[in-house]
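Notes to accompany the following structure.
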Amino acid sequence: MILSFKNNRIAELRTTLSLSQRRLAKEIGTSQANLSRWEQGLNEPSIMECWRLADFFDVSIDVLCGRRDY
């Protein structure tokens, strides 16, 4: 594993913006299935995917991974 995601921060950020998995996946260039697996903790995004997520949500990777609060 590259990063350790805690407390399902991806889902938290996504739902805060009222985005569907499908919409977020399209915005960051991945599939809805990948995003679902990340949110379920079955897989973790690569560092490049983390950067795209962090840029999209305008947060640091530390926030995305749960190492820091907003």
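Filtered by the rule that a residue be in contact with a Leu (Cβ under 8 Å, 6 or more places away or on another chain) and part of a loop (DSSP other than H, G, I, E, B), segment 27-44 gives a lone residue, 44.
For segment 45-67, the tally of residues that are of a type outside the set (Gly, Ala, Ser), part of a helix (DSSP H, G or I) and closer than 22 Å to residue 33 by Cβ stands at 11. Within segment 20-39, residues that are more than 18 Å from residue 55 (Cβ to Cβ) and touching a residue at least 24 places away in the same chain (Cβ under 8 Å) sit with their Cβ atoms under 7 Å from residues that are open to solvent by 60 Å² or more (accessible area, probe 1.4 Å) and of a type outside the set (Lys, Arg), at 6+ positions apart or across chains, in these pairs: 39/8. Listed by first and then second residue, the pairs with beta-carbon distance under 9 Å, at least 6 apart or on different chains, first residue in segment 40-66 and free of Cβ contacts under 8 Å to residues at least 60 places away in the same chain and loosely packed, with under 14 Cβ neighbours inside 10 Å, second in a loop (DSSP other than H, G, I, E, B) and among the aromatic types (Phe, Trp, Tyr), are 41/5.
Residues that are of a type in the set (Gly, Ala, Ser) and open to solvent by 50 Å² or more (accessible area, probe 1.4 Å) within segment 19-30 comprise 20, 29, listed in sequence order.
The values are calculated or read from the model by the stated rules, or taken from the named source; none is laboratory data. Since the model is a prediction, treat every value here as computed from it, not as a measurement. Glycine also receives a Cβ, built like all others from the backbone with ideal geometry; neighbour counts cover every protein chain displayed. Each accessible area value is taken on the protein alone, full model and side chains, heavy atoms only, with ligands, DNA and RNA left out. Shrake-Rupley method; radii C 1.70, N 1.55, O 1.52, S 1.80 Å.
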